[in-house]
Amino acid sequence: MKATLTKCLAALLLVPAFAFAADADPVPGERAYIDPLSLWVRTSYPDNVTTVGEAVNYLLEPSGYRFVTQYPAPKDAARIAGQKLPQEARVYRTMPVADALQILVGKHGYVIVDHNNQLLSLTEEK
């Protein structure tokens with residue numbers, strides 16, 4: 001009985017090790033794609049960031065994405081970019097870039113992403 005219990009416990013201890021096992025590289029020499037908007041950031045904006053547009057640019061700076069407010073962006077993107085930074089965005093927390101952007105546009109807004117051209121915009125229209 002003791003030997004069976006020991007074997008069961010040993011097997012259970014190995015289960016987490018399988019979760020960390022490395023996957024085989026599907027194409028040798030090719031790097032895996034990581035979406036920069038899924039990376040985590042700390043929402044600690046400098047004092048000179050006072051508008052939604054400035055906060056979006058601050059978040060996107062290391063990602064390679066560009067924030068657009070003119071064509072091909074939605075018509076209300078420039079208006080949203082000029083809005084005062086919402087108070088809930090000033091709370092220091094850690095979250096994915098995409099979530100931080102959604103907080104900036106609000107619960108009734110949308111974040112529009114063009115991954116192919118690395119462009120990003122905001123809108124409140126459906």
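Before moving on, here are some points about what is shown:
- Selection of region 92-125 for residues being over 20 Å from residue 50 (Cα atoms), assigned to a loop (DSSP other than H, G, I, E, B) and not charged (D, E, K, R) yields 108, 115, 116, 117, 118.
- When 89, 78, 55 are screened for being at pLDDT below 95 and either part of a loop (DSSP other than H, G, I, E, B) or surrounded by 14 or more Cβ atoms within 10 Å (Cβ to Cβ) (or both), only 89 passes.
- Taken over region 45-56, the criterion of being touching a helix residue (DSSP H, G or I) at 6+ places or on another chain (Cβ under 9 Å) and not charged (D, E, K, R) is satisfied by 45, 46, 48, 49, 51, 52, 53, 55, 56.
- Meets criteria (surrounded by 18 or more Cβ atoms within 10 Å (Cβ to Cβ) and in a loop (DSSP other than H, G, I, E, B)) for residue 73: yes
- Taking the conditions (1) surrounded by 12 or more Cβ atoms within 10 Å (Cβ to Cβ); (2) assigned to a loop (DSSP other than H, G, I, E, B); (3) not basic (Lys, Arg) in turn, residue 30 satisfies each one other than (1).
- In region 33-43, residue farthest from the chain's Cα centre (by Cα) [restricted to those that are surrounded by fewer than 12 Cβ atoms within 10 Å (Cβ to Cβ) and not β-branched (Val, Ile, Thr)]: 33
- For region 58-70, a residue qualifies if it is in a helix (DSSP H, G or I) and touching a strand residue (DSSP E or B) at 6+ places or on another chain (Cβ under 9 Å), and the qualifying residues are 59, 60.
- Residues considered: 85, 60, 120. Of these, the only one that is closer than 21 Å to residue 36 by Cα, in contact with a helix residue (DSSP H, G or I) (Cβ under 7 Å, 6 or more places away or on another chain) and of a type outside the set (Gly, Ala, Ser) is 120.
The values are calculated or read from the model by the stated rules, or taken from the named source; none is laboratory data. Note that this is a predicted model, so its numbers are computed, not measured. Cβ sites come from the backbone with ideal geometry, for glycine too, and all protein chains shown count toward neighbours.
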